[in-house]
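Structure first, commentary second.
Read the figures in this text as sums done on the coordinates, not as results from a lab. Keep in mind that this is a model prediction, so the values were computed, not measured. Note: ideal-geometry Cβ built from the backbone for every residue, glycine included; neighbour counts use all protein chains shown.
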Amino acid sequence: MEISNELQDAIYHIERNGNSKIILTDLSIKLTRLLHKKAE
């Protein structure tokens, strides 16, 4: 499932000491796009 893959990627990047603000912003944009795509 695409949503779980995006969440796993975000967790991985945060664990690797990525910038959490940027990672979570990117995750929220991706999840918004996925949810809108599935709603149609």
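Within the set of pairs 6+ apart or on separate chains, which have a first residue in segment 2-15 that is surrounded by 12 or more Cβ atoms within 10 Å (Cβ to Cβ), a second that is β-branched (Val, Ile, Thr) and assigned to a helix (DSSP H, G or I), and C-beta atoms under 7 Å apart?
Ala10/Ile23; His13/Ile23; Ile14/Ile23
Cβ-Cβ below 6 Å, separation at least six or inter-chain, first residue in segment 20-37 and surrounded by 10 or more Cβ atoms within 10 Å (Cβ to Cβ), second charged (D, E, K, R): which pairs?
From segment 20-37, the pairs are Lys30/Glu6; Leu34/Glu2.
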